[in-house]
1. When you check ASP264 against the structure, is it surrounded by fewer than 22 Cβ atoms within 10 Å (Cβ to Cβ), over 30 Å from GLY165 (Cβ atoms) and touching a residue at least 60 places away in the same chain (Cβ under 8 Å), yes or no?
2. When segment 162-187 is examined, which residues are found to be in contact with a strand residue (DSSP E or B) (Cβ under 7 Å, 6 or more places away or on another chain) and modelled with pLDDT of 95 or more?
3. For segment 8-30: of the residues being among the polar types (S, T, N, Q) and modelled with pLDDT under 95, which is surrounded by the fewest Cβ atoms within 10 Å (Cβ to Cβ)?
4. Among the residues that make up segment 282-297, is at least one of them over 28 Å from THR7 (Cα atoms), part of a loop (DSSP other than H, G, I, E, B) and without any contact (Cβ under 8 Å) to a residue 24 or more places away in the chain?
5. Restricting attention to segment 32-42, which residues are buried (at least 17 other Cβ atoms within 10 Å of the Cβ) and either farther than 18 Å from ARG201 by Cβ or touching a His at 6+ places or on another chain (Cβ under 9 Å) (or both)?
6. Can you find even one residue in segment 43-65 that is buried (at least 20 other Cβ atoms within 10 Å of the Cβ), under 22 Å from ARG260 (Cα atoms) and at pLDDT 85 or above?
7. Assuming PRO329 fulfils every condition listed in (1) surrounded by 17 or more Cβ atoms within 10 Å (Cβ to Cβ); (2) part of a helix (DSSP H, G or I) apart from one, which condition is it?
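The values are calculated or read from the model by the stated rules, or taken from the named source; none is laboratory data. Keep in mind it's a predicted model, so treat the numbers as computed, not measured. Ideal geometry is used to build each Cβ from the backbone, glycine not excepted, and the neighbour counts take in all protein chains shown. All accessible areas refer to the heavy atoms of the entire protein, side chains included, with ligands and DNA or RNA removed. Shrake-Rupley method; radii C 1.70, N 1.55, O 1.52, S 1.80 Å.
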Amino acid sequence: MDTEQLTRTFVEYFEDRGHHRVVGSTLLPPPGDPVLFTTSGMHPLTPYLEGRPHPGGSRLVNVQRCLRTTDLDEVGDATHLTVFEMLGTWSLGDYDGPCSLDWGYGLLTEGLGVDPGRLHATVYAGDGRTGRDTASLRMWQDLGVPVELTVEDNWWSNGPVGPCGPDSEIFLWSGEGPPVSTPTRDERWVEVWNHVTMSHRRLDDGSLVPLPRRNVDTGLGLERLATLLQGRRSVFECDAFDPWRRLVPGPWPLDEVSLRLVCDHLRSAVVVIGDGVRPAATGRGYVLRRLLRRVLTVLRRDDPSRTLGDLPPELVRHTLDHFRQDLDPGVVPRVLAEEERRFTGLLERGRRVLARPRFRGSLTDEDFHYLHDTHGLPRELITSLREG
């Protein structure tokens, strides 16, 4: 299945089980949310997880686009993306965790054709304050899925205070040959789906109190699942990136790691622009600016004449269509051109500043802070200029 088929199968499976589809996925979190971007499917639903009735009812399903700046430095490996899609389901005081696991197992094995022998689960083992998640453990045992018990890896929280609870994670074997070992002992077990039972609230003093209403929140990474089901080695080889891998090497021949970063960051930039964000010195705009400047740094490292104006227009249209964004595709190259112009000016200024005697030797943290605060030169750009 390609990602479109996976999405349709997922949504229809849960709609058949009484879930209402939530529409309106956006990277911009609801008013009052302290994060810059939506990082998970639950963010837009926080008020309803706190107890407010949802107009769609107590069973929900959605496809949420997400952005995680915490993963920027990981981009280029086999599993991390800046912008990705999360398939999610919720029970707002309706069914319990084991029911969610049973349906999840059914979707994977019957709906998507996953061999049950390639599955492994982890379950909360309990600690001094809360007991073992015996209900989830029993469900997996009844289904014949091997289980590993952990403590910290299977307790979910949305921060130092607020709703929290045990989770059960589903892993899929990505290695050659039959599965071996367990998820915590072999990285070839790849986590694909997390099922959280929000059973407690953590207070300011760190204590836990039971929630009056238990919710279930699940999240399944679309690109990661597609990669595994399609037998690919990395998320950059799943069908969502097919046009990028086909067209980007034309104007910009790159090594594999650089190709992954350029594809990820430009694809993410298109989505961010599509949700109404423009480059700026702070906030969401700075995240977009950072993505584009990282791309330009990589592109110009081998050839200073490379320009974002060579980005194939087909990739912009494909990305906006894939993420269901209603934006004139012509807006994107105009935003990219203006930011590239600013970046070129920054490079020229950076070279002049770094040519000063003070900065010709080894740089200290104080030097990096000064260059950033006074001249707007980020550390990675300084490093790139000095290496160049």
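1. Working: surrounded by fewer than 22 Cβ atoms within 10 Å (Cβ to Cβ): no; over 30 Å from GLY165 (Cβ atoms): yes; touching a residue at least 60 places away in the same chain (Cβ under 8 Å): yes.
Answer is no for this residue.
2. Residues of segment 162-187 in contact with a strand residue (DSSP E or B) (Cβ under 7 Å, 6 or more places away or on another chain): 162-174, 179, 182-184.
Hits for segment 162-187 are PRO166, ASP167, SER168, GLU169, ILE170, PHE171, LEU172, TRP173, PRO179, THR182, PRO183, THR184.
3. The initial filter retains those residues of segment 8-30 that are among the polar types (S, T, N, Q), namely 9, 25-26.
Checking which are modelled with pLDDT under 95 leaves us with 25-26.
Working: SER25: 19, THR26: 17.
Here the answer is THR26.
4. Among the residues of segment 282-297, at least one is over 28 Å from THR7 (Cα atoms), part of a loop (DSSP other than H, G, I, E, B) and without any contact (Cβ under 8 Å) to a residue 24 or more places away in the chain, which makes the answer yes.
5. Our first condition is that a residue be buried (at least 17 other Cβ atoms within 10 Å of the Cβ); within segment 32-42, this holds for 36-42.
Matches in segment 32-42: LEU36, PHE37, THR38, THR39, SER40, GLY41.
6. Yes - at least one qualifying residue is present in segment 43-65.
7. That leaves (2) as the condition not met.
Residues checked against (1) part of a helix (DSSP H, G or I); (2) within 21 Å of the chain's Cα centre (by Cα):
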residue	(1), (2)
LEU220	no, yes
LEU225	yes, yes
ALA240	yes, yes
ARG246	yes, no
